[in-house]
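Inspection log for the structure reproduced underneath, given as structure tokens.
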Amino acid sequence: MRFLGNIEAKIDAKGRAFLPAIFRKVLQAGSEERMVLRKDVFQPCLVLYPESVWNEQMDQLRQRLNRWNKQQQEVFRKFVSEAEVMTLDGNGRFLIPKRYLNMADIELDIKFTGMGDTIEIWSLKKAQELQMSAEDFGQALEQLMGEDQQ
């Protein structure tokens, strides 16, 4: 499953957004009916996981954590408790609960960003503010990809 691209959109007064058609097609091709919404761990955006991807992430996290370690249990609890299952209605819309809108500082204009196996949902304003410059991106990519090529 590969989500690619950036699509600007709006949410309505009830907090509903249309999942872009290109992303809906990817979900349908993967026979995915449900998604999981969660605030990103590092960035001020939301992340939509297809249910199968979410389940893989959960399994991977659970395998790394010790159930008998208090801090690790708290990490797992926080990760899981801040997630919510989403389904699309017949028109391809889904409801973004108000608490998630607040977490990501989303008001009306949003940006969907395909991130491979997940989709990020950004406040359009935040996405523009935090975007890496082309020069910084080129330097970072050169450093990352050029390290082993000597």
Check your understanding: GNM on the chain, C-alpha springs below 10 Å: top fluctuator among 82, 107, 129?
Key -> 129
Review point. Under the Kirkwood approximation for Rh and a Cα-based Rg, what ratio Rg/Rh is obtained for the range 19-88?
Key: 1.04
Practice item. Starting from the eigenvalues of the Cα gyration tensor, five times each then square-rooted, give me the equivalent ellipsoid semi-axes of the range 8-146, largest first, whole Å. Key: 24, 23, 17
Practice item. Take the chain, connect every pair of alpha-carbon atoms lying under 10 Å apart with a spring to form a Gaussian network, then pick out the residue of 88, 65, 27 with the largest mean-square fluctuation. Key: 65
Study note, to complete from the structure: Once the mean of 1/r over all distinct C-alpha pairs in the range 63-141 is inverted, the Kirkwood radius in Å reads 15.9 Å
Exercise for review: Report the paramagnetic label zone for residue 6: residues of the range 117-149 whose backbone N is under 17 Å from a point 7 Å from Cα along the Cα-to-Cβ axis.
Suggested key: 119-141
Practice item. Enumerate the lysines that residue 39 could reach by cross-link, defined here as Cα to Cα under 20 Å, with residues fewer than 8 away along the same chain left out. Key: 10, 14, 78, 98, 111, 125, 126
Review point. To the nearest 20 debye, what charge dipole does the chain have about its Cα centre, counting +1 at the Cβ of each Lys and Arg and -1 at the Cβ of each Asp and Glu?
Key: 800 debye
Exercise for review: Would you mind telling me which residue in 132, 103, 35 has the biggest mean-square fluctuation in a Gaussian network model of the chain, where springs connect alpha carbons within a distance under 10 angstrom?
Suggested key: 132
Review point. What longest range of the chain stays clear of loop-exposed chymotrypsin sites (Phe, Trp or Tyr not before Pro) (DSSP non-H/G/I/E/B, at most 16 other C-beta within 10 angstrom)?
Key: 69-150
Practice item. Return the FRET efficiency for the residue pair residue 88, residue 143: r is the Cβ-Cβ distance, R0 is 41 Å, and the value is rounded to the nearest 0.05. Key: 0.55
Check your understanding: Which number comes out as Rg/Rh for the range 2-57 once both Rg and the Kirkwood Rh are worked out on C-alpha atoms?
Key -> 0.96
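Each reported figure results from applying straightforward, stated rules to the coordinates on display, with no laboratory input. Not measured: the values here are computed from a predicted model. We place every Cβ from the backbone using ideal geometry, glycine too, and count neighbours over all the protein chains shown.
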